[in-house]
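Visitor: Have a look at this one.
The values are calculated or read from the model by the stated rules, or taken from the named source; none is laboratory data. Just so it is clear, the structure is predicted and the values come from calculations on it, not from any experiment. Virtual Cβ from ideal backbone geometry, glycine too; neighbours counted across all protein chains shown. The protein model used for the area step is the full one, side chains on, heavy atoms only, and it has no ligands, DNA or RNA in it. Shrake-Rupley method; radii C 1.70, N 1.55, O 1.52, S 1.80 Å.
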Amino acid sequence: MIYADNAATTKMSGAAANAMTACMQDTWGNPSSLYSLGQRAKEALEDARERIAACIGASPKEITFTSGGSEADNQAIRSAALLGARKGKRHIISTAFEHHAVLHTLKRLEGEGFEVELLPVGALGTVTAQQVSEAIREDTALVTIMYANNEIGSVLPVSEIGAVCRERGVIFHTDAVQAAGHLPIDDLLSLSAHKFHGPKGIGALYARQGVPLTNLIEGGAQERGKRAGTENVPAIVGMAAALEESCSHMAENAAKVSALRDKLIAGLSRIPHSALNGDPVNRLPGNVNFCFEGIEGESLLLLLDDRGICASSGSACTSGSLDPSHVLLSIGRPHEVAHGSLRLSLCEENTETDVDAILKAVPEIVNYLRNMSPLWKDKVSGKRAFVL
């Protein structure tokens with residue numbers, strides 16, 4: 001099997017699995033308990049918090065554990081929005097191609113009287129700090145812009161955007177779920193462990209000291225009273241191990257995976273009437289996203305699976321939807337072409353042999369599907385115009 005869907009989830013690393021197993025066997029107490037077994041769990045919890053904070057250049061007090069990136073996004077955005085509302089600020093800036101964890105939260109806030117401005121991302125799928133600066137108003141409560149797009153891989157200039165926000169006194173949040181462990185991080189952000197070889201169901205929210213958090217979950221006093229519920233200590237320990245391992249090998253892994261990515265892009269670009277989606281230069285090391293005119297992405301995925309290749313056509317969170325990707329529509333791809341997309345996301349465990357196999361399979365399958373399509377025959381005969 002060739003696994004090329006690491007943007008959806010990653011295989012858990014041995015370091016993470018071993019750390020979790022040891023914790024479940026030896027440190028399984030409730031970290032809120034006062035007896036020694038509970039206090040050992042508390043020590044493991046706080047040690048993991050310190051290690052995660054060190055990986056992203058934060059203070060341990062700025063880390064709140066969550067169930068994953070979606071919860072962290074929700075809590076960050078609602079906290080900043082409600083803080084702004086108390087000051088009479090109800091304007092929020094984001095982009096048109098954010099993850100649905102962000103977009104749906106913003107939609108809900110609109111129903112509560114907030115004004116949401118979604119910046120256009122252009123054909124390459126990015127925004128500039130200048131765009132953000134021009135959009136900020138006196139009543140802007142929050143700017144929330146992702147670090148890297150989960151579908152097309154474009155890496156956004158969040159350092160420059162963050163600098164603009166600090167200069168203008170506006171809170172800045174970034175969904176860094178796709179970037180953590182793969183790119184350097186130094187801003188307000190949301191993390192999800194299963195995107196960097198950690199366990200599923202655990203994430204973290206970094207919130208700079210001075211930015212109060214609004215509770216999404218009420219109950220006990222865990223996480224300094226900001227996220228009720230007994231902490232999942234084994235998963236948190238596993239996340240710390242995975243993030244440390246990813247960060248310690250970040251440069252070498254990025255170099256290896258980028259080379260595989262570039263070879264894959266070059267090969268797929270030879271397929272007639274195809275197009276790379278996202279910024280060709282400023283993109284995630286392992287992300288390759290193409291549109292192929294004249295085919296349906298679902299058929300392509302099923303035939304790739306038949307050959308032992310795991311891929312996707314977009315976000316794993318919306319893979320069951322028949323609608324075209326909102327990300328591809330936001331960069332100007334027409335509905336017809338957006339339906340024929342393929343996302344391949346590599347990691348350091350992939351090899352050149354994997355890439356060669358993908359480059360053999362995809363052109364053959366695309367050609368097979370096109371030959372069965374009446375629409376494609378109309379395009380070839382000149383009855384319909386090509387889009388790509």
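Visitor: Treating cross-link reach as a plain straight distance, find the lysines whose alpha-carbon is under 24 Å from the alpha-carbon of Lys200, omitting any fewer than eight places away in the same chain.
Guide: Hits, sequence-local ones excluded: Lys11, Lys42, Lys61, Lys226.
Visitor: Tally Lys/Arg at +1 and Asp/Glu at -1 over every other residue whose Cβ is under 10 Å from the Cβ of His99; what's the total?
Guide: On the way: positive: none; negative: Asp73, Glu98, Glu151, Asp175.
With Lys, Arg at +1 and Asp, Glu at -1, the net is -4.
Visitor: Take Leu216, project a point 7 Å from its Cα along the Cβ direction, then tell me which residues of region 86-109 have their backbone nitrogen under 14 Å from it.
Guide: 99-109
Visitor: With a cut-off of at most 14 other beta carbons within 10 Å, and DSSP calling the residue loop, which trypsin sites (Lys or Arg not before Pro) in region 14-98 qualify? Please list them. Don't jump to the answer; show the numbers that get you there.
Guide: Working: sites: Arg40, Lys42, Arg49, Arg51, Lys61, Arg78, Arg86, Lys87, Lys89, Arg90; in loops: Lys87, Lys89, Arg90.
Of the trypsin sites (Lys or Arg not before Pro), the ones in loops of region 14-98 whose Cβ has at most 14 other Cβ atoms within 10 Å are Lys87.
Visitor: Also: From the mean inverse distance of alpha carbon pairs (Kirkwood) and the Cα radius of gyration, derive Rg over Rh for region 209-364. Spell out each step's value before the answer.
Guide: Details: Rg = 19.7 Å, Rh = 18.3 Å.
Using Cα coordinates only, the ratio equals 1.08.
Visitor: Using every alpha carbon pair in region 27-83, what percent of pairs falls into each 5 Å bin from 0 up to the bin containing the largest distance?
Guide: Taking every Cα pair in region 27-83, the percentages come to 4, 18, 17, 20, 20, 13, 7, 2, 0.
Visitor: Treat each spin label as a single point 7 Å out from the Cα along the C-beta direction, and report the His104 to Asp306 distance in nm.
Guide: 3.3
Visitor: Moving on to the next point. Whose amide H sits under 5 Å from the amide H of Ile171, counting only residues 5 or more places off or on another chain, with H placed in the peptide plane?
Guide: The answer is Val143.
Visitor: Using the Kirkwood formula over every pair of different C-alpha atoms, what hydrodynamic radius in Å results for region 230-271?
Guide: Working: mean 1/r = 0.0790 Å⁻¹.
Taking every pair of different Cα atoms in region 230-271, averaging 1/r and inverting gives 12.7 Å.
Visitor: Using the Cβ atoms and a cut-off under 14 Å, what net charge is assigned to the surroundings of Leu388, where Lys and Arg are +1 and Asp and Glu are -1? Walk me through the numbers on the way to the answer.
Guide: Details: positive: Arg270, Arg333, Arg370, Lys379, Arg384; negative: Glu293, Glu336.
Net local charge, Leu388 excluded: +3.
Visitor: Out of residues 5 or more away from Leu119 or on other chains, whose amide H comes under 5 Å of its own, with H placed 1.01 Å from N in the peptide plane?
Guide: Under 5 Å from the amide H of Leu119: Ser94, Thr95, Ala96.
Visitor: Through the Karplus equation 6.51 cos²θ - 1.76 cosθ + 1.60, θ set to phi - 60°, convert the phi angles of region 91-97 into ³J(HN,Hα) values in whole Hz; use x for Gly and Pro.
Guide: Each residue's phi maps through the Karplus curve to give 9, 10, 10, 8, 10, 6, 10 Hz.
Visitor: Can you give the helix-only mean residue ellipticity at 222 nm for the chain, where every DSSP H stretch with n ≥ 4 adds -39500 (n - 2.57) and the sum goes over all residues, rounded to the nearest 500 deg cm²/dmol? Before the final figure, lay out the partial values.
Guide: Numbers: 13 runs with 165 residues, N = 388.
For the chain, the value works out to -13500 deg cm²/dmol.
Visitor: In Å³ and rounded to a whole number, note down the convex hull volume per residue for the Cα atoms of the chain.
Guide: On the way: hull volume 53.4 nm³, N = 388.
Residue-normalised Cα hull volume stands at 138 Å³.
Visitor: Could you estimate the translational diffusion coefficient of region 39-127 from the Stokes-Einstein equation, with Rh from the Kirkwood formula over C-alpha pairs, at 20 °C and 1.002 mPa s, in whole µm²/s?
Guide: Values: Rh = 15.3 Å.
Reported coefficient: 140 µm²/s.
Visitor: At q = 0.13, 0.17, 0.19, 0.20 Å⁻¹, what log₁₀ I(q)/I(0) does a Debye calculation on the Cα points of region 139-214 give, no solvent, two decimals?
Guide: Debye curve over Cα of region 139-214, log10 I(q)/I(0) at q = 0.13, 0.17, 0.19, 0.20 Å⁻¹: -0.40, -0.67, -0.82, -0.89.
Visitor: Sticking with this structure for a sec: Could you report the chain's accessible area per residue, 1.4 Å probe, as an integer in Å²? Before the final figure, lay out each step's value.
Guide: Working: 16410 Å² over 388 residues.
Result: 42 Å² of accessible area for each residue.
Visitor: State, as an integer percentage, the relative contact order of the chain based on alpha-carbon contacts under 8 Å between residues 6 or more apart.
Guide: Values: 759 pairs, mean separation 85.5, N = 388.
With pairs under 8 Å counted, the relative contact order is 22 percent.
Visitor: Report the equivalent ellipsoid semi-axes for region 145-289 in whole Å, largest first, defined as the square roots of five times the eigenvalues of the gyration tensor built from alpha carbon atoms. Walk me through the numbers on the way to the answer.
Guide: Details: eigenvalues 205, 78, 35 Å².
Its equivalent ellipsoid spans semi-axes of 32, 20, 13 Å.
Visitor: So, one more: Taking R0 as 41 Å, what FRET efficiency do you get between Asn30 and His249 from their Cβ-Cβ distance, rounded to the nearest 0.05?
Guide: Numbers: r = 34 Å, r/R0 = 0.83.
After rounding, the FRET efficiency stands at 0.75.
Visitor: HN-Hα J couplings of region 352-363 from phi, Karplus 6.51/-1.76/1.60, θ = phi - 60°, integer Hz, Gly and Pro as x?
Guide: Residue by residue, region 352-363 yields 5, 4, 4, 4, 4, 5, 5, 5, 7, 6, 4, x Hz.
Visitor: Quote to one decimal, in nm, the extra length available between Arg86 and Glu117 on full extension: 0.36 nm per residue of separation minus the C-alpha distance between them.
Guide: Numbers: separation 31, 0.36 × 31 = 11.16 nm, distance 1.96 nm.
Value of the extension gain: 9.2 nm.
Visitor: Return the long-range amide H neighbours of Asn287 (sequence gap of 5 or more, or a different chain), with a cut-off of under 5 Å between placed amide H atoms.
Guide: Counting only residues 5 or more places away or on other chains, the set is Leu346.
Visitor: Peptides 67-76, 19-28: what's the order by average Cβ count within 10 Å, highest mean first?
Guide: On the way: 67-76: 24.2, 19-28: 16.8.
The packing order, highest mean first, is 67-76, 19-28.
Visitor: Before anything else, pin down the relative contact order of region 230-375: Cα pairs under 8 Å, at least 6 apart, normalised by residue count, whole percent.
Guide: Numbers: 157 pairs, mean separation 43.1, N = 146.
The value is 30 percent.
Visitor: Which trypsin sites (Lys or Arg not before Pro) does region 231-322 hold that lie in a coil by DSSP with at most 10 other beta carbons within 10 Å? Write out the running numbers ahead of the final one.
Guide: Working: sites: Lys256, Arg261, Lys263, Arg270, Arg283, Arg307; in loops: Arg270, Arg307.
When the trypsin sites (Lys or Arg not before Pro) of region 231-322 are filtered for loop state and at most 10 Cβ neighbours within 10 Å, Arg270 remain.
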